[in-house]
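Trainee: My questions will all concern the structure given below.
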Amino acid sequence: MTGETEADLTGVEPARNRRRPKQSIMEIDGRKLKPATLMMGHGYDPSLSEGSLKPPIFLTSTFAFESAAAGKRHFEGVTGIRPGGAEGLIYSRFNGPNQEIAEDRLSVWEEAEDALLFSSGMAAIATTLLALVQPGDVIVHSAPLYAATESLIGRTLGKFGVQWLDFPAGASGEEIGAVIERAKQLGRVALIYLESPANPTNVLVDLDAVVALRNQLFDGADHVPPIAIDNTFLGPLWHHPISHGADLVIYSLTKYAGGHSDLVAGGVLGSNALINTIRLMRNTIGTILDPHSAWMLLRSLETLELRMSRAGENAAKVCAWLKDQPQVERVVYLGFPDSDRQADIYRRHCTGAGSTFSLYLKGGEAEAFAFLDALKIARLAVSLGGTETLASHPAAMTHLSVPAERKKALAISDNMVRISIGCEDAEDLIADFAQALRAVG
Ligand SMILES: *Cc1c(COP(=O)(O)O)cnc(C)c1O
């Protein structure tokens, strides 16, 4: 029996091979293909689906096994009895062709070993935390985090005896190290959770410093806490945290990756080992993305680089214009770092400033509301990363329930407007902002 693989023994060809090409073409004549190229075909072979150029949407709740032995083998994979995860398609709470193709393509951007799709960004975050955190553990995180993430860690996991300690997003290495040291005294540090840039302050976290400190402070420890980072604002184009040593990259794919404000989805990227642990939890609680949204996401990924590049260029033009207007107090945009430290973090980590920023008008809520109500192209809505420009008022909307003193600390003031620039013509957007600023006075 030596020399035979397990698959040979059972004679089972995994069902997923029916839609997977034997080998995806990743390079030509030694030239490594770019993600923008791979988004069109990677992970899908038309000949396995009646020649259909695009993958069909697999609307099925379950998949027929080729044999009883195949079914057994798949369940061994899905339950973790045999390491490596499911090799075939089983049941749509576990996996499906559309989700797997999109997971393969999402992985390409960060050269991640594997990826998982979820029914929302929060489903991705919740499933990851449930998979990695135990009662009595401590989570160290940067602050602020997306509000629902903070409430999940503080309130929901708090009910199960999980503690947390945070450090401000822009903290120095010494400050971060001191917080990690304190966390180690409290209990097992389950994971270090980051969000960069922080929303809505746009402050970047020094991921390089966090990775170095984690490696130093947990050298030789039984449990080395993985570093997870929410990359929704800059990924997957302008920031690649895995190449800086992050273990898990988390996305609300609802934003730039979906990119058209027409779907809700989440993703997690990382090593096979961590992804398999999170996959077992996703299989158990059913937080996988549905096939239709996964198909829409595949379509979105084809234009991701075009959309994000255009939005980034537009934002640079709009911000350069906005910052000199008489009605404007300041523009908080990653392209204008406000300290040497932030400029240094930006240079080391980011390849672009994104297209989401904060605009502080002279005045207060009345001026901010007058500006928002006067906009003609930009829509008044929360969310970001879509093809269309959106504007909102964090103090009265997304961050309404944040206590006054914390709002003050985070500079979420009544004169702050949050803007996500889309793919329109930049000069048209400037014309819209110009007429809206005139409405303020
Ligand atoms: C929107 C968002 C989330 C939550 O994602 P959903 O897809 O709305 O569940 C998490 N983190 C960040 C940074 C976000 O902007």
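The values are calculated or read from the model by the stated rules, or taken from the named source; none is laboratory data. Keep in mind that this is a model prediction, so the values were computed, not measured. We place every Cβ from the backbone using ideal geometry, glycine too, and count neighbours over all the protein chains shown. The accessibility values were calculated without ligands, DNA or RNA, using every heavy atom of the protein model including side chains. Shrake-Rupley method; radii C 1.70, N 1.55, O 1.52, S 1.80 Å.
Trainee: Under 24 Å between alpha carbons, and skipping anything fewer than 8 positions from K159 in its own chain: which lysines qualify?
Mentor: Within the straight-line cut-off, K159 pairs with K184.
Trainee: Another question, if that's okay. With a probe of 1.4 Å, find how much accessible area the chain has per residue, and write the answer as a whole number in Å².
Mentor: Accessible area per residue: 43 Å².
Trainee: A further question on this structure: Which log10 I(q)/I(0) values does segment 115-272 give at q = 0.15, 0.19, 0.20 Å⁻¹ under the Debye formula, counting every alpha carbon as one identical point scatterer?
Mentor: For the requested q values the scattering log ratios are -0.74, -1.24, -1.38.
Trainee: Starting with the highest mean, order 213-223, 125-135 by the number of other Cβ atoms within 10 Å, averaged over the residues of each peptide.
Mentor: Listed from highest to lowest mean packing, they are 125-135, 213-223.
Trainee: Given the DSSP H assignment, sum -39500 (n - 2.57) over each helix run of at least 4 residues in the chain and divide by its residue total; what's the result at 222 nm in deg cm²/dmol, nearest 500?
Mentor: After summing the helix terms and dividing by residue count, I get -11000 deg cm²/dmol.
Trainee: Sticking with this structure for a sec: With angles folded into 0 to 90 degrees, how steeply does helix 207-217 sit against the dominant principal axis of the chain? Use alpha carbons for both and round to 10.
Mentor: Once rounded, the angle reads 60 degrees.
Trainee: Would you please give the FRET efficiency between R93 and D425, computed as 1/(1 + (r/R0)^6) with r the Cβ-Cβ distance and R0 = 41 Å, to the nearest 0.05?
Mentor: 0.40
Trainee: Restricting to bridges with both residues inside segment 304-440, how much of the DSSP beta-bridge set is antiparallel, in percent to the nearest 5?
Mentor: If I count the DSSP bridges inside segment 304-440, around 85 percent turn out antiparallel.
Trainee: Any chance you could list P(r) for segment 304-440, counting all Cα-Cα pairs in 10 angstrom bins from zero, rounded to whole %?
Mentor: With 10 Å bins starting at 0, P(r) equals 12, 43, 36, 9, 0.
Trainee: Return the Rg/Rh value of the chain, two decimal places, where both radii are evaluated on C-alpha atoms and Rh is the Kirkwood radius.
Mentor: Ratio of gyration radius to Kirkwood radius: 0.99.
Trainee: Specify, per residue and in Å³, the volume enclosed by the convex hull of the alpha carbon atoms belonging to segment 88-207.
Mentor: Each residue corresponds to 131 Å³ of Cα convex hull volume.
Trainee: Please report the antiparallel percentage of the DSSP beta bridges confined to segment 115-272, to the nearest 5.
Mentor: Values: 9 of 26 bridges.
In segment 115-272, DSSP labels about 35 percent of beta bridges as antiparallel.
Trainee: Working out 0.36 nm times the residue gap between V224 and D45, then minus their Cα-Cα distance, what length gain in nm do you get to one decimal?
Mentor: 60.5 nm
Trainee: Still on this model: Could you let me know the centre-to-centre spacing of segment 314-331 and segment 61-93, using Cα atoms, in angstrom?
Mentor: 55 Å
Trainee: Multiplying the sequence separation of K323 and D373 by 0.36 nm and subtracting their Cα-Cα distance, what value in nm do you get?
Mentor: Working: separation 50, 0.36 × 50 = 18.00 nm, distance 2.03 nm.
In short, 16.0 nm is gained.
Trainee: Nearest 0.05, what FRET efficiency do K54 and I25 give at R0 = 22 Å with Cβ-Cβ as r?
Mentor: Working from the Cβ atoms, E equals 0.80.
Trainee: State the extension gain, in nm to one decimal, for the chain segment bounded by S309 and E365, taking 0.36 nm per residue of separation less the distance between their alpha-carbons.
Mentor: 16.9 nm
Trainee: Moving on to the next point. Under 5 Å between amide H atoms, partner at least 5 residues away or on a different chain: which partners does E329 have, H built in plane at 1.01 Å?
Mentor: Y360, L361, K362
Trainee: Another question, then. Antiparallel versus total DSSP beta bridges in the chain: what percent is that, nearest 5? Each step should come with its number before you reach the end.
Mentor: Details: 26 of 45 bridges.
The antiparallel fraction comes to roughly 60 percent.
Trainee: Does segment 225-357 come out rounded, prolate or oblate, given a ≥ b ≥ c as the square roots of the eigenvalues of its C-alpha gyration tensor, rounded meaning a/c under 1.5 and, failing that, prolate meaning a/b above b/c? Display every interim value, and only then the final one.
Mentor: Numbers: a/c = 2.69, a/b = 1.59, b/c = 1.70.
Oblate, since a/c reaches 1.5 and b/c is not below a/b.
Trainee: Cross-link candidates for K34: which lysines have Cα within less than 25 Å, leaving aside residues fewer than 8 places away along the same chain?
Mentor: Those lysines meeting the cut-off are K22, K54, K255.
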